[in-house]
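J.: One structure, as structure tokens, below. Some questions next.
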Amino acid sequence: AQKVTQAQTEISVVEKEDVTLDCVYETRDTTYYLFWYKQPPSGELVFLIRRNSFDEQNEISGRYSWNFQKSTSSFNFTITASQVVDSAVYFCALSVPLAPSSNTGKLIFGQGTTLQVKP
Amino acid sequence: KAGVTQTPRYLIKTRGQQVTLSCSPISGHRSVSWYQQTPGQGLQFLFEYFSETQRNKGNFPGRFSGRQFSNSRSEMNVSTLELGDSALYLCASSLSTGSYEQYFGPGTRLTVT
């Protein structure tokens with residue numbers, strides 16, 4: 001069975017601090033995809049990143065960076081110099097094929113981490 | 001480019017009634033997925049449609065159904081509403097079926113009384 005665990009339920013930081021959101025996944029598939037989404041108070045999920053299981057390169061996008069480690073089944077997300085606008089719920093998600101050569105868009109989400117950035 | 005639109009945004013229904021929610025994907029996107037979000041269960045996959053065919057279905061009772069039209073617009077229907085169906089229903093669109101990026105709409109907040 002596939003599963004995503006975000007052990008941190010809530011994190012509170014002061015503006016300009018760096019913060020890392022943890023994500024641990026479980027799957028027996030060798031081909032899979034990992035995602036991060038942000039859900040601000042408005043409710044709409046905002047796509048942040050997609051990474052496939054064969055690409056372990058870390059990625060940086062502005063203040064955001066992602067660390068993918070297959071050895072520990074983790075896909076952690078770091079926000080550098082956090083800002084109040086980063087306050088939101090962040091979700092890590094996993095997608096695996098239905099069968100070989102049969103992809104599906106089904107996302108398995110973690111429970112989310114609520115990040116509060118205080119001024 | 002317009003994003004994913006969902007209508008209505010808010011809905012209040014009574015137990016036993018049925019409801020239909022609508023989703024218009026991003027232009028050019030052919031795959032639509034539906035998710036239910038509740039405080040207790042989090043985000044759960046309902047179903048995925050591609051080219052008017054259901055590709056995958058989550059673990060929800062048969063009261064939950066959906067369909068997709070030739071223009072990729074999708075509807076989901078919940079019959080015989082229960083209090084536990086109160087949730088935020090999110091629709092996501094992607095270019096094709098498979099693990100492409102999914103772009104979510106603002107959701108429909110359903111309250112069952």
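J.: Are there any strands (runs of 3 or more DSSP E) wholly within segment B:1-60 with 2 or more residues that are within 26 Å of residue A:96 (Cβ to Cβ), and if so which?
T.: Passing ranges, in order: B:31-38, B:42-50, B:53-57.
J.: Which condition does residue A:47 not pass, out of (1) assigned to a strand (DSSP E or B); (2) at pLDDT 95 or above; (3) in contact with a Lys or Arg (Cβ under 9 Å, 6 or more places away or on another chain), if it passes all the others?
T.: Going through (1) assigned to a strand (DSSP E or B); (2) at pLDDT 95 or above; (3) in contact with a Lys or Arg (Cβ under 9 Å, 6 or more places away or on another chain) one by one, residue A:47 breaks only (2).
J.: Only one of these is touching a residue at least 60 places away in the same chain (Cβ under 8 Å) and farther than 27 Å from residue B:109 by Cα: A:10, A:59, A:15. Name it.
T.: Just a single option satisfies the conditions, and that option is A:15.
J.: Pairs under 9 Å by beta carbon, first residue at the interface with another protein chain (Cβ under 8 Å from one of its Cβ atoms) and free of Cβ contacts under 8 Å to residues at least 12 places away in the same chain in segment B:35-49, partner crowded, with 23+ Cβ neighbours inside 10 Å and assigned to a strand (DSSP E or B), six or more apart or different chains?
T.: B:42/A:91
J.: Can you go through A:96, A:85 and tell me which one is of a type in the set (Val, Ile, Thr) and either touching a residue at least 40 places away in the same chain (Cβ under 8 Å) or closer than 18 Å to residue B:97 by Cβ (or both)?
T.: After applying the criteria, what remains is A:96.
J.: Does any residue of segment A:65-79 turn out to be free of Cβ contacts under 8 Å to residues at least 40 places away in the same chain, within 16 Å of the chain's Cα centre (by Cα), more than 21 Å from residue A:26 (Cβ to Cβ) and more than 10 Å from chain B (Cβ to nearest Cβ)?
T.: Looking for residues that are free of Cβ contacts under 8 Å to residues at least 40 places away in the same chain, within 16 Å of the chain's Cα centre (by Cα), more than 21 Å from residue A:26 (Cβ to Cβ) and more than 10 Å from chain B (Cβ to nearest Cβ), one finds at least one in segment A:65-79, hence yes.
J.: Count, please, the residues in segment B:52-73 that happen to be at positive phi and free of Cβ contacts under 8 Å to residues at least 24 places away in the same chain.
T.: Summing the residues that are at positive phi and free of Cβ contacts under 8 Å to residues at least 24 places away in the same chain in segment B:52-73 gives 1.
J.: Among the residues of segment A:33-43, write down those that are modelled with pLDDT of 90 or more and within 8 Å of another protein chain (Cβ to nearest Cβ).
T.: A:33, A:35, A:37
J.: Scanning segment B:62-113 for residues that are within 13 Å of another protein chain (Cβ to nearest Cβ) and of a type in the set (D, E, K, R), which turns out nearest to residue A:35 (Cα to Cα)?
T.: Result: B:101.
The values are calculated or read from the model by the stated rules, or taken from the named source; none is laboratory data. Please read these numbers as outputs of a predicted model, since none were measured by experiment. Don't worry about glycine lacking a Cβ; one is built from the backbone with ideal geometry, like all the others, and counts go over all protein chains shown.
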